[in-house]
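This report concerns only the one structure given below.
The values are calculated or read from the model by the stated rules, or taken from the named source; none is laboratory data. Since this is a predicted model, take the numbers as computed values, not measurements. Because the Cβ atoms are built from the backbone with ideal geometry, glycine has one as well, and the counts that use them run over all protein chains shown.
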Amino acid sequence: MSTEVTERPVVTSRPRGSARRARVFTRPALALLALLVLVGIWQLVALARIWPEQLLPTPGQVWHQLLVTSDSGNGQGGYGGSTLWERLGVSLRRVAYGSVYGIGIGVGLGLLMGLVPAVRATVEPLVTFLRALPPLAYLSLLVIWFGIDEEPKVYLLMIAAFPPVAVATAAAVTGVNRQYVEAARALGARGWQVVASVILPASAPEILTGVRLAVGIAYGSVVAAETVNGADGIGGMVLNAQRYNQTSVVILGLVVIGVTGLLIDSLLVALSRLLSPWRGRA
Amino acid sequence: MSTLLTLSGVQHHYGRGTRAVAAVGPLDLHVNAGEFVVVVGPSGSGKSTLLRLIAGFEHPSTGTVELAGQPPVPGRDVGVVFQQPRLFPWRSVDGNINAALRWAGVPRADRAAASVDLLAKVGLSGLGARRVWEISGGQQQRVAIARALAARPRLLLLDEPFAALDALTRERLQEDVRTLTNRDGQGAVFVTHSVDEAVFLATRIIVLTDRPGRIAADIAVPLPRTGVPAAELRAWPEYAALRGQVAAAVRATLTEVEERV
Ligand SMILES: Nc1ncnc2c1ncn2[C@@H]1O[C@H](COP(=O)(O)OP(=O)(O)O)[C@@H](O)[C@H]1O
Ligand SMILES: [Mg+2]
């Protein structure tokens, strides 16, 4: 087989091409199949009633909850005053604010860390410490400082989001190919021009990787942020449903949170491809 | 002819104390406006160091470098073309040239026209919108030359710019650089280890000794700059004689090394 490949590349290239096409076709199909099988098993296990309905609702019941909580005219305004999608919107807004602030601080701080060794030596241990803390751990402090309105939630997400961006930015900046910097200086670029036109764009792919990580962490922390007076979010819905043993609502919340998280992540991957098409080519 | 560049008693070493490596000198050199000086020397003889001293990226350990009467500052009065094109991949071809124009202080309103001019100069008209990885290595080096010319530097420094290109591309670029830099009194210092490239491009050839690089020979090249096609010029007996002379000078520096070892 392998000798045939080397001797007759023209002949073997045809089945190879179709094999690649087949793989591209079957991958999403396989994923869908796995999902269907999973839902099928869930349905069977739920119907077998090994556990009561309180513990394990059927997929159909969860689907029903989706319809009920999406309907603002169902007598409780969806669920507890707002629909599922309104809640998702509220939570996403928190994630967006937290991420944007976090990314801003992260890029700024990371840039300073990468450019000024003294700043890095001072700030890096702090950033690493913050990174090691689970967001729920500092929520209490934020609540004492900022009350129970929007601020502590957004700050929590911000604090969760900025360390990975700062670390990625600092690493990217120190790793910038010195040849580009020298070329810019040879063309007359000075100080800030070198930073803005060479160091930042050269670091962009790595910074975007940090951003992807940061948004993931902020998104993953939104449920924690909504444990304090966050009943209007989707995390708040899950927490509330747990209190009243509404298992199907809890599962619905998890599925929506998970699917949205996946969508956001693939959006960020697409965005970083769009913003740094030269990645890996220079 | 006015003096463009003066090196007096220049020596440069890297590192300190017992670890110090003498790379260049002692060396004196004057380059006049309009001269095309090609520096030839064996690998490691300090050619790149010499260019970095002239560009202002390094300061001589002893002696002085003066460009138009002042110590050189990177990006002022000199354009540099490196062995690798070093184009910014996050910018298009035009974007690279525009950045250079901006850093050179060309007003925004004039940049588009200037960019078109520069691309035409290096034979790349119409390729401005390309991504830098979409064009060939020779074209990339042409963009690098256009970028270095953006500020209209008095002196162009080129460090083995064609070493990584295939022979045919190299010859075409040599011809273009020869005509390009033969304008309005601009000077050039071009580093190579190819004797043929040196004779073809230079108005004057400096042969460097082995490390630390000193001037082993200073040879004038009285060949016509215009009017004679490249292939014809290369067939001239004068051309062959100069090649022989330079090759002998280079060989002499090498035998010195062998005798010393
Ligand atoms: N940054 C540096 N630090 C230490 N030694 C260097 C450095 N750059 C060059 N050298 C040494 O200086 C000598 C001359 O180098 P270089 O100028 O690059 O020569 P060439 O360009 O002729 O090959 C070499 O021995 C080289 O190893
Ligand atoms: Mg060199």
Filter the stretch B:47-85 down to the residues that are touching a Ser or Thr at 6+ places or on another chain (Cβ under 9 Å) and under 11 Å from B:His12 (Cβ atoms) and list them by number. B:Glu58, B:Gly63, B:Val65
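Among B:Gly15, B:Gly46, which is the only one that is away from ligand 2 (no atom under 16 Å from the Cβ) and assigned by TED's automatic domain parsing to the domain that holds B:Pro212? Step through it out loud before you land on a result.
Numbers: B:Gly46 fails: away from ligand 2 (no atom under 16 Å from the Cβ).
Every option except B:Gly15 fails the conditions.
Residues checked against (1) within 14 Å of another protein chain (Cβ to nearest Cβ); (2) away from ligand 1 (no atom under 16 Å from the Cβ); (3) among the small types (Gly, Ala, Ser); (4) surrounded by 12 or more Cβ atoms within 10 Å (Cβ to Cβ):
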residue	(1), (2), (3), (4)
B:Asp196	no, yes, no, yes
B:Arg204	no, yes, no, yes
B:Arg211	no, no, no, yes
B:Ala220	no, yes, yes, no
B:Gly227	no, yes, yes, no
B:Ala230	no, yes, yes, yes
B:Gly244	no, yes, yes, yes
B:Ala252	no, yes, yes, yes
Would you mention how many residues in the stretch B:49-64 are under 22 Å from B:Thr192 (Cβ atoms) and outside any loop (DSSP other than H, G, I, E, B)? 7
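Can you tell me which residues in the stretch B:79-88 are surrounded by fewer than 20 Cβ atoms within 10 Å (Cβ to Cβ) and either facing another protein chain (nearest Cβ under 8 Å) or at pLDDT 95 or above (or both)?
Looking only at the stretch B:79-88, we keep the residues that are surrounded by fewer than 20 Cβ atoms within 10 Å (Cβ to Cβ), and these are B:83-84.
B:Gln84 - this is the single residue of the stretch B:79-88 that is surrounded by fewer than 20 Cβ atoms within 10 Å (Cβ to Cβ) and either facing another protein chain (nearest Cβ under 8 Å) or at pLDDT 95 or above (or both).
What helices (runs of 4 or more DSSP H) completely inside the stretch A:169-282 contain at least 1 residues that are more than 14 Å from every other protein chain (Cβ to nearest Cβ) and β-branched (Val, Ile, Thr)?
Details: elements: A:178-186, A:191-194, A:200-220, A:222-225, A:234-243, A:247-275.
Qualifying helices (runs of 4 or more DSSP H): A:200-220, A:222-225, A:234-243, A:247-275.
For B:Glu58, state whether it is more than 16 Å from ligand 2 (Cβ to nearest atom) and surrounded by fewer than 24 Cβ atoms within 10 Å (Cβ to Cβ). Can you show your working first?
Working: more than 16 Å from ligand 2 (Cβ to nearest atom): no; surrounded by fewer than 24 Cβ atoms within 10 Å (Cβ to Cβ): yes.
So B:Glu58 fails the test.
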For the stretch A:142-154, give me each residue that is in a helix (DSSP H, G or I) and loosely packed, with under 12 Cβ neighbours inside 10 Å. A:Ile144, A:Trp145
Looking at the stretch B:157-167, can you tell me whether even one residue there is at pLDDT below 90, out of contact with any helix residue (DSSP H, G or I) (no Cβ under 7 Å at 6 or more places or on another chain), buried (at least 18 other Cβ atoms within 10 Å of the Cβ) and of a type outside the set (A, V, I, L, M, F, W, C)? no
Being of a type in the set (Val, Ile, Thr), over 20 Å from the mean Cα position of the chain (by Cα) and within 30 Å of B:Arg91 (Cβ to Cβ) narrows it down to one of A:Val173, A:Val143, so name that one. A:Val173
Of those in the stretch B:159-194 that are away from every other protein chain (no Cβ under 14 Å) and assigned to a strand (DSSP E or B), the residue nearest to ligand 1 (Cβ to nearest atom) is B:Val191
Out of the stretch B:117-135, which residues are more than 14 Å from every other protein chain (Cβ to nearest Cβ) and either farther than 24 Å from B:Arg152 by Cα or hydroxyl-bearing (Ser, Thr, Tyr) (or both)? B:Ser125
Among the candidates B:Arg52, B:Arg102, B:Arg111, B:Arg76, single out the residue that is within 16 Å of ligand 1 (Cβ to nearest atom), among the basic types (Lys, Arg) and within 14 Å of chain A (Cβ to nearest Cβ). B:Arg52
